[in-house]
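I have placed the structure first, in the form of structure tokens, so that the comments after it can refer back to it.
The values are calculated or read from the model by the stated rules, or taken from the named source; none is laboratory data. Being a predicted model, the structure only gives us computed values, none of them experimental. Using ideal geometry, Cβ is built from the backbone for each residue, glycine included, and neighbour counts are taken over all protein chains shown.
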Amino acid sequence: MSESSAEQKPAGKGKATPTRKQAQAATVRPLVGDRSPEAKEAAKAKAKADRARMRAGQLAGEDKYLPLRERGPQKKFVRDLIDARYTVGEFLVPAMVMVLLLSFMDSNQASTFNKTLSLISIGIMLAIVLDSVFIARRVKKAAKEKFGADKLESGLALYGVVRGTQLRMLRMPKPAVGPFLGKNKKK
């Protein structure tokens, strides 16, 4: 029995032990991916397509492409509520540009003219503050009616005020309803 078992066992592992240099060379991997020009161009094209898909999704208002602060049915409700009408805040930037341009005009009554422009600027700011208060109250009231007072997310009123002060063409996601009586925009 000992003779037959000794004949059946192979001696050694059947191959030579690799040297340290060979073992290390077998495990070496590049730190970065393929660095060929073709691979770089393919990666750029893929990244560009991903960015275009994300941008299109954000513009369309798809929840999975929106930032966390813009997601959810309550935020969509507030966006539609604000976009359904014009707000004073969205005219802030054009009004301030006009005031700035008028302040550079040379006039004989420069001090009177500048005082008038300052009063106009203050009036615009007060109108924006008043409109923001009304927006916040309207958002809170409408959201409570639709979702219930106990299920409201925090910060909806501020979200509505901030959206109301943005220029309509720069709002993200794009407005889904028009400013006239909340009718849907024609696409």
### the stretch 49-94, residues that are small (G, A, S) and without any contact (Cβ under 8 Å) to a residue 40 or more places away in the chain
A49, A52, A56, G57
### Query
What are the residues in the stretch 1-24 that are in a helix (DSSP H, G or I) and modelled with pLDDT under 90, if any?
S2, E3, S4, S5, A6, E7, Q8
### Message
I need a count of the residues in the stretch 117-151 that are modelled with pLDDT of 90 or more, hydrophobic (A, V, I, L, M, F, W, C) and over 19 Å from V93 (Cβ atoms).
### Response
7
### Query
Can we say S111 is farther than 24 Å from D83 by Cβ, surrounded by 14 or more Cβ atoms within 10 Å (Cβ to Cβ) and of a type in the set (S, T, Y)?
no
### Task
With the checklist (1) in the same structural domain as A136 (by TED's automatic domain parsing); (2) in a helix (DSSP H, G or I); (3) in contact (Cβ under 8 Å) with a residue 60 or more places away in the chain in hand, flag the one item L100 doesn't pass.
(3)
### Query
Pairs, please: C-beta under 6 Å, at least 6 apart or cross-chain, first residue free of Cβ contacts under 8 Å to residues at least 40 places away in the same chain and in the stretch 122-137, second not aromatic (F, W, Y)?
I124/A95; A127/V88; A136/A157; A136/V161
### Message
Condition check: in the same structural domain as P175 (by TED's automatic domain parsing), free of Cβ contacts under 8 Å to residues at least 40 places away in the same chain and either under 23 Å from L59 (Cα atoms) or not in a helix (DSSP H, G or I) (or both). Does M105 satisfy that?
### Response
yes
